[in-house]
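Step one of this worksheet: look at the structure below.
The values are calculated or read from the model by the stated rules, or taken from the named source; none is laboratory data. What you see is a predicted model; the values in this text were computed from it and never measured. So basically every Cβ, Gly included, is an ideal-geometry build from the backbone, and we count neighbours across all protein chains shown.
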Amino acid sequence: MDKRDAQMLALLQADATIGLNDLAKAVNLSPTPCWRRLQKLRDEGVICRQVVLCDPTKLKLGLTAFVMVRSNQHGDAWTTRFIETVRAIPEILEIYRMSGEIDYLLKVVVPDIAGYDSVYKRLIKSVELLDVSSSFSMEVIKRTTALPLDYVVKE
């Protein structure tokens with residue numbers, strides 16, 4: 001990946017609706033070579049999908065909770081059941097397996113505390129957990145989906 005690929009990715013991460021001609025112009029390419037580069041980035045899996053990002057508050061999803069989960073079970077059967085459970089709950093947007101004192105970190109987006117309680121009850125009903133602890137976001141300071149590109153550019 002070179003500097004031009006990184007420029008294209010930066011522009012696309014900011015606005016994936018940019019047209020090919022505008023993208024090509026912004027990185028000083030003609031449309032055909034720009035399109036070829038885009039295809040290569042897709043084929044290599046660098047660009048894995050394009051999505052629409054929605055404002056959660058406009059969708060009445062004003063509460064974000066970060067849920068820390070600890071388990072005393074780590075076998076394949078429990079892990080499979082846990083992963084199936086959390087993937088099936090649409091309010092759980094992100095799931096991370098962690099190192100340290102907690103086993104999993106979940107990002108949950110719901111309308112309110114009652115919505116969170118509903119997610120919590122579905123979670124604990126479906127899989128045995130040692131401890132569940134939650135923190136609620138008071139304010140979003142930074143929210144981005146754009147990944148830093150400085151680490152992949154070859155001169």
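Structure above, values below:
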{"quantity": "Where ILE124 falls short, out of the listed (1) outside any strand (DSSP E or B); (2) surrounded by fewer than 15 Cβ atoms within 10 Å (Cβ to Cβ); (3) touching a residue at least 24 places away in the same chain (Cβ under 8 Å)", "calculated": "(3)"}
{"quantity": "Scope the range 1-45; condition assigned to a loop (DSSP other than H, G, I, E, B) and modelled with pLDDT under 95; matching residues", "calculated": "MET1"}
{"quantity": "Residues of the range 79-121 that turn out to be of a type in the set (A, V, I, L, M) and assigned to a loop (DSSP other than H, G, I, E, B), as a count", "calculated": "4"}
{"quantity": "Residue within the range 60-73 that is in a helix (DSSP H, G or I), surrounded by 14 or more Cβ atoms within 10 Å (Cβ to Cβ), in contact (Cβ under 8 Å) with a residue 24 or more places away in the chain and not acidic (Asp, Glu) present", "calculated": "no"}
{"quantity": "Neighbours by Cβ (under 9 Å, 6+ apart or cross-chain): first from the range 29-54, over 21 Å from THR144 (Cβ atoms); second outside any helix (DSSP H, G or I)", "calculated": "CYS34/VAL27; ARG37/VAL27; ARG37/LEU29; LEU38/ILE47; LYS40/VAL46; ARG42/CYS48; GLU44/MET1"}
{"quantity": "Matching residues in the range 27-59 - criterion: being surrounded by 14 or more Cβ atoms within 10 Å (Cβ to Cβ) and either charged (D, E, K, R) or farther than 30 Å from MET1 by Cβ (or both)", "calculated": "ARG37, PRO56"}
{"quantity": "Residues that are closer than 24 Å to THR80 by Cβ and modelled with pLDDT of 95 or more, drawn from the range 107-126", "calculated": "LYS107, VAL108, SER118, VAL119, TYR120, LYS121, ARG122, LEU123, ILE124, LYS125"}
{"quantity": "Qualifying residue in the range 115-132 (condition: of a type in the set (Gly, Ala, Ser), on the phi < 0 side of the Ramachandran plot, assigned by TED's automatic domain parsing to the domain that holds GLY62 and in contact with a Ser or Thr (Cβ under 6 Å, 6 or more places away or on another chain))", "calculated": "yes"}
